[in-house]
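K.L.:
After the structure tokens below, expect a handful of questions from me.
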Amino acid sequence: MCSSLWSLSLQSYLLVYYIDCMPLSEKDYRWNFIVDSIDFALFSLGMTFGSILTLFPLFAKKLGAGNLEIGLIPAIANLGWGIPAIIGAKYAEKYPKKLNLVLKVTLGERLPYFFMALIAFCIVPYDKRIALYLSLLMLAIATFSMGFLGPPWMSMIGKVIDRKRRGSYFAMGNGIGALMGIGGSILARYFLSNFPFPINFGYSFLSASIALFMSFIFLALTREDPDDDNNKDVSFYEYLKGIRIVLDNLNFKNYVINRILVALSNASTGFILIYTVTKFSVPDRIAAEFTAVLLASQGISSFIFGPIGDRYGHKIVLVWGRISYILALILLIFSWKIYFIYIVFILIGFLNSAGMVGDSAFTLDISPDKRKELYLGVLNLLISPFSFLSPLIGGKIADWFGYEILFLYSLIFSLISLIFFVKYVKDPRRLIQGGDYGEKEKSFGSN
């Protein structure tokens, strides 16, 4: 009897192992497209309730934050998304299934929003200063966890989503998430209008944590086959030497330079709402309305940008995004009525969707399949110091010279970044003519 049970258990184990190691089928790709799009959408919804572009800066302002501390919000986020990426890349190479690493660390990017709600409910009424710094700490934990998981998650997506539908995947997740975020922004507007501070922000952060938990459930349903190659484990110092290997790829190096210029041009994004509130004396609930406008624009444009990028290459999507930002900055400089700000947030929505859809897909395309995690980690590592300093510089420019000069500074760097990108960064999809895209992508990335 025991022998039969042992035999049955061994057969079951071998069957599970065999299924786990089987290459993904078309059915698996379709399944992953659905569950990972829902995960992406719910995660985006969660970010709506804790938006670092609108709601979080306003929360910090009400806690007594100055321009430098408000500039810390995008600075912390940018640093968190960048610096830990190289560590996440190194760890990811040791995991045949990237999903296992992602599921281990992802609570670090989700739980802080629950603690932000507790801070709003329990600490703000007693000490706003401590609440401000604790909230910034929670933001740092969340974004540093996101940064660590960037390379393993992107590497996983590169495996589990059909390469010919990457743009459509990012468009679907970002688009649905943005449209769901409209409902979230309406709910956030209800919280801000009908409940006193800080309870109103507490409800918003609590809603974020609920959406992020639901997102986790769908993430865990991803089907991923393990890597064939097991990379040799090396010291972190040796791993950092891989930066030279990455930068030997001229097209990738130019892409890194372009992203640095983009980071410098984004110095003003965290101050758009503060500028609007200061100049036009609008009530707090308007922040939720701007969020809704931004998300509607972001969602609708995502459904357009994704298929266009898949068909014609994602470089054209990124060019449209930069042009949208340039137009938004020009409007900010010359705006004299509140209606112009709504147009600004529509254009910022175009920029966001171009970045989330175009940059994500373009990065996967330009990084070779071999050592993809290293390429992703190096990219985030090299741009992170500039992403961190840029909003801090923006805060000081706003203090010394005013917001209009800050927007002019961003406009100049936006024009430089657009010209550089168009002239020096080549789209790998357009370089490859004929034949199998996947095979030629590998050879292109290694040159």
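K.L.:
Taking the conditions exactly as written (farther than 19 Å from Ile73 by Cα, of a type outside the set (D, E, K, R), surrounded by 17 or more Cβ atoms within 10 Å (Cβ to Cβ) and in contact with a helix residue (DSSP H, G or I) (Cβ under 7 Å, 6 or more places away or on another chain)), does Leu406 satisfy them or not?
P.N.:
no
K.L.:
Give me the residue from the stretch 307-327 that is aliphatic (A, V, I, L, M) and surrounded by fewer than 22 Cβ atoms within 10 Å (Cβ to Cβ) and, out of that set, nearest to Tyr409 (Cα to Cα).
P.N.:
Checking each candidate, the answer is Ile326.
K.L.:
I've got another one for you. Being touching an Asp or Glu at 6+ places or on another chain (Cβ under 9 Å), at pLDDT below 80 and of a type in the set (Gly, Ala, Ser) is true for just one of Gly66, Gly50. Which residue is that?
P.N.:
Checking each option against the conditions leaves just Gly66.
K.L.:
Ok, one more. In this structure, is Leu376 crowded, with 24+ Cβ neighbours inside 10 Å and assigned to a helix (DSSP H, G or I)?
P.N.:
It is true that Leu376 is crowded, with 24+ Cβ neighbours inside 10 Å and assigned to a helix (DSSP H, G or I).
The rows are residues; the columns are (1) crowded, with 24+ Cβ neighbours inside 10 Å; (2) among the aliphatic types (A, V, I, L, M); (3) closer than 28 Å to Phe59 by Cα; (4) in contact with a Pro (Cβ under 8 Å, 6 or more places away or on another chain).
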position	(1), (2), (3), (4)
Ile83	no, yes, yes, no
Lys90	no, no, no, no
Lys94	no, no, no, no
Lys97	no, no, no, yes
Asn100	no, no, no, no
Lys104	no, no, no, no
Gly108	no, no, yes, no
Leu111	no, yes, yes, no
Phe121	no, no, yes, yes
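K.L.:
Follow-up question, since we're still on this one. Residue check, Ile416 against (1) closer than 17 Å to Ala328 by Cα; (2) modelled with pLDDT under 85, all met but one. Which one?
P.N.:
Unmet condition: (2).
K.L.:
Then there is this: Taking the stretch 296-330, which residues are under 13 Å from Leu351 (Cβ atoms) and either in contact with a Pro (Cβ under 8 Å, 6 or more places away or on another chain) or hydrophobic (A, V, I, L, M, F, W, C) (or both)?
P.N.:
Phe305, Val317, Leu318, Val319, Trp320, Ile323, Ile326, Leu327, Ala328, Leu329
K.L.:
Residues being more than 17 Å from Leu103 (Cβ to Cβ) and buried (at least 23 other Cβ atoms within 10 Å of the Cβ): count how many of those fall in the stretch 201-221.
P.N.:
Looking only at that region, the number is 5.
K.L.:
Residues of the stretch 50-85 being farther than 17 Å from Ser268 by Cβ, in a loop (DSSP other than H, G, I, E, B) and under 21 Å from the mean Cα position of the chain (by Cα), which ones?
P.N.:
Gly50, Ile83, Pro84
K.L.:
Could you check the stretch 121-131 and list, in sequence order, the residues that are assigned to a helix (DSSP H, G or I) and within 20 Å of Phe191 (Cα to Cα)?
P.N.:
Correct list: Phe121, Cys122, Lys128, Ala131.
K.L.:
Another one. Please find, among Phe170, Phe144, the residue that is farther than 20 Å from Asn352 by Cα and assigned to a helix (DSSP H, G or I).
P.N.:
Answer to the check: Phe144.
K.L.:
Ok, one more. If we keep just the residues of the stretch 306-346 that are among the basic types (Lys, Arg) and in a helix (DSSP H, G or I), which is modelled with the highest pLDDT?
P.N.:
My answer is Arg322.
The values are calculated or read from the model by the stated rules, or taken from the named source; none is laboratory data. Please read all numbers here as calculations on a predicted model, not as lab measurements. Counting neighbours? That spans all protein chains shown, and the Cβs are built from the backbone with ideal geometry, glycine included.
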